[in-house]
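Report on the structure given below.
Here, each number is a calculation from the coordinates, and none is a lab measurement. As the structure is a computational prediction, the values presented were derived from the model and not from experiment. We place every Cβ from the backbone using ideal geometry, glycine too, and count neighbours over all the protein chains shown.
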Amino acid sequence: MGGWRASSGGSRLKATLDMEKHVQQTTLQRPYNAWSRSNSYICSRYEVSDIFNMDETGLFYRLEPNRTLATHHLSGRKKQKERLTIALTSNADGSIKLPPFVINKFVKPRAFSQRNIVNPQNLGILWAANKKAWMTTELFERFMLDFEARMVALGKQKVLLLVDNFSGHQTPTIGSRLRITQLEFLPPNTTSRFQPMDAGIIASFKAQYRKRMIEHKINCLMSAQNPELDVYQAVVMLLHSWRHGVSSETIHNCWNHTGVLSIMTTNQALQEAHQKEVQEITTLLEQLSVVCQASLEISPNMTAEEFINYEVEFDLNNPYQPSNEELMEMFNPNSFVEEEDDTETLASEPIAPVCYKDVQSSLQTLRHYLEQRSTDVMHLVKKLEKFEKEIDHLHVNQLQQTSIDAFFHPRGVEMEE
């Protein structure tokens, strides 16, 4: 499919775990034999910790676990199809999970503006936007340069990055700009077989995000708060799901199961981990149903598998091939929307800018807390002292920049045309 593609999550997990039954099929066996031979040679030149995989997946971040709400627009209800594209990247042993690359429709969403967030990268993500919230060759090139910079910062000498052959990944000029990264493409129509992200990593990420969504709604309904998510809350939630929800063991098992590292295993632990996530979400959906009935809210009627894999079914049933005009519009910077529409209901009141004096007071409170502990916490005190120095340095730099700006652009002075 052209344009954005939703990865298969749990559906592909099941397909991958059952792939041994179909490995004799000619359509799969031919590319498998050809690519596995060359791949074995390529991968043998790298340490396991230096082999990476990246893949994108769609995330309907406000999706309700209700089939009616998910497929129809009801009066007074928020749209369920507000989507982010998330690119996830990890290495083969699960020791490195890079910050998610989040692609939105808006450069500066109102949910960020109300919290005075100027640089979304400070949230712990890589952020980009275009009108369709899709990966494009331009954004993929940006991702690759960021990937290379992170690898250099980690002290890597050479790394291998595996991606599928999606048209948005075809950037002929990027190779000459990479010093330590070798980019390799998976064979066509075999990503559910070869790609570790599609072997269960993305499915685990989706399960962890949906679990946090349900917990959030239960907590909000029980405290009479608005349960709807804005994009800031979604980013925080997806980041936590990726960092703390998807385990290094799951990642390593998924890599082994694909056979990309020349070690193909039928991983019972992978199946058991997925079933555990499904059961956790099933239990939460049952709890949510009880809370919804008590709060006179619409109860969930999706199964856990439906809720985890909703984007997959939506993508398969609603294919979209962008026209040349739409692709041109996506590349046009003027098509970016700086603010979300004013009709959006934000999840919280605007947050005032935090001043340096408030930060000093908070750090002082934290220092008092550590000093009052009965156990030895000097290692934390030293970390706090280091952090205080970095905050002071940041503040001084900010003052210097403000002074420079004021010198060149004094208030009340009209600039000559």
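Taken about its Cα centre, segment 231-305 carries a charge dipole of about 220 debye when Lys and Arg each add +1 at the Cβ and Asp and Glu each add -1 at the Cβ. Taking the fewest neighbouring Cβ atoms within 10 Å as the starting point, the ordered list for THR57, THR136 is THR136, THR57. Shown for LYS97, LYS211: other C-beta atoms within 10 Å of each C-beta, ranked fewest to most, produce the order LYS97, LYS211.
Here ARG150, ARG83, ARG212 are placed in order of increasing Cβ neighbour count within 10 Å, fewest first, which gives ARG150, ARG212, ARG83.
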